[in-house]
Amino acid sequence: GGKSFIALKAIESLRKPTVIFVTTRELISTWIEYLERFLDVSSQFIGIVGAGKREIKGITVATYASAVKYIDNFRGRFELAIFDEAHHVPAVTFKNVALKIDSLYRMALSATPKRRDGNEELLYALCGDLVFNMGYKELLELKLVAPIEKFETLFVNGEHEKLEKLVEILRENSGSKIIVFTQLLDTAKKVYNRLLLEGFNPLLLTGQVSGSKRKLAFQEFKRRKTVVMVTTTVLDEGITVPDADVAIIYEGSGEARQMIQRIGRVLGYAPCKTAKIFELIDASNPKERSAHYRRKWIKKLYLFPGLEKYIEEAKSCKDVKVEEGIMKYLKFMD
């Protein structure tokens, strides 16, 4: 969390025509909300290219996929180009946008700029060198993320035991908003059906769910005090997810980026909030053991000496509004 506000600070400081490139139509809505809420820019002055729209204005939010089709319409129009989820820029479609846009000022945003193929060097060549990096501890200090109260890796033996352990964790954390992450559609359905039998009334969100049904699911997730959402890789990035307290990594790849993105889904700041992370690893499955081994170092990014102080502060319910934390953040950026 927080990278979007660095971009908002740049927009506010430069006051130049700006284009923001995003990966999904959901992020178009998120950026428009941020521009309205934090920079007081009316939606009537914000252009959209993507999601079935093509209207360019002084500040425009565009999906990469749509921008590459109409890139000539962008040339000569914008002095500041912001590349959200910029770790994708080295990919062909994204790269063509970055190569062909002629903006003098460029800003790339990513929680995970390093790529497994080492191609982040292309990202830096197209968007500029890495100039600012803020870690979890600094974000905690600014009250922009929640402290992680518990981060446990649990080893089980076989699929049956794994499902049993999942149900146990859910019962122990009743009263929480929980996201269960899987890798495969079949796994998500299997977990969902088991939780139905256990009486949890879960929500199921996969790539097969339409945008309108996804919106309804998110509304339900926000409305209910206690809720479990079972999902696949569809929520890993590119979609703004309602605030949750607990992330359960039931199944995942060994990719560091995926793990960091999934953890980030439950770190949104709220007064009195702490987050919990659980990894479930089937020790009898070589693929799961290997995936866990490749990503296990990530835990060290979040568990550091002195974390207890932030947990205690959160539990004492010192109410810091999100806007206050962001103002503190923007002051920090000056």
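Quick note: the coordinates plus some simple rules give every number you see, no bench work behind them. On a predicted model such as this, the values are computed, not experimentally measured, just so you know. Methodologically, a virtual Cβ is constructed for each residue, glycine included, from the backbone with ideal geometry; neighbour enumeration extends over all protein chains shown.
Under Stokes-Einstein, with the Kirkwood radius over Cα pairs standing in for Rh, what whole-number D in µm²/s applies to the chain at 37 °C and 0.692 mPa s?
So the translational diffusion coefficient is about 156 µm²/s.
When the helix-only estimate is applied to the chain (DSSP H runs of n ≥ 4, each -39,500 (n - 2.57), divided by the residue count), what is the mean residue ellipticity at 222 nm, nearest 500 deg cm²/dmol?
About -12500 deg cm²/dmol.
Give the residue from ALA256, PRO286, ALA244 lying farthest towards the positive end of the charge dipole for segment 142-321; charges sit on Cβ (+1 for Lys and Arg, -1 for Asp and Glu) and the dipole is referred to the Cα centre.
ALA244
So which of LYS225/LYS296; LYS222/LYS276; LYS150/LYS225; LYS3/LYS213; LYS100/LYS215 end up more than 23 Å apart, counting from Cα to Cα?
LYS225/LYS296; LYS3/LYS213; LYS100/LYS215
So how far apart, in nm, are the two label points at ASN119 and THR93 if each is 7 Å from Cα heading toward Cβ?
1.4
What are the ³J(HN,Hα) couplings of segment 173-180, residue after residue, when phi is run through the Karplus curve with 6.51, -1.76, 1.60 and θ = phi - 60°? Round to Hz, x for glycine and proline.
So the Karplus estimates, Gly and Pro as x, are 10, 4, x, 10, 9, 10, 10, 9 Hz.
Using label points projected 7 Å from each Cα along Cα→Cβ, tell me how many nm separate ARG54 and ALA111, to one decimal.
Those two pseudo-labels are separated by 3.3 nm.
Residues in segment 275-289 near a label at LEU154, defined as backbone nitrogen under 16 Å from the 7 Å Cα→Cβ point?
Under cut-off, by backbone N: 276-284.
If you take the beta carbon distance between ALA10 and LEU185 as r and set R0 to 35 Å, what does 1/(1 + (r/R0)^6) give as a FRET efficiency, to the nearest 0.05?
0.35
At q = 0.20 Å⁻¹, what is the log10 ratio I(q)/I(0) for segment 142-321, with the Debye formula run over Cα points and no solvent?
Listed by q, the Debye log ratios stand at -1.52.
In nm, give the distance between the simple-model label positions of GLU313 and ARG75, each being 7 Å from the Cα along the Cα-to-Cβ direction.
Here the modelled spin labels are 5.0 nm apart.
For segment 69-153, what percent of Cα pairs sit more than 18 Å apart?
53
For a quick check of your reading of the filter: which trypsin sites (Lys or Arg not before Pro) in segment 155-256 sit in a DSSP loop and have no more than 13 other Cβ atoms within 10 Å?
Hits after loop and neighbour filter: ARG224, LYS225.
Charges only on Cβ, +1 for Lys and Arg, -1 for Asp and Glu: so what's the dipole of segment 142-321 about the Cα centre, in debye to the nearest 20?
540
If you place +1 on the Cβ of every Lys and Arg and -1 on the Cβ of every Asp and Glu, how big does the dipole about the Cα centre of the chain come out, in debye to the nearest 20?
About 420 debye.
Name the cysteines of the chain that stand alone by the Cβ rule: no other cysteine Cβ under 4.7 angstrom.
Result for the chain is CYS127, no neighbouring Cys Cβ within the cutoff.
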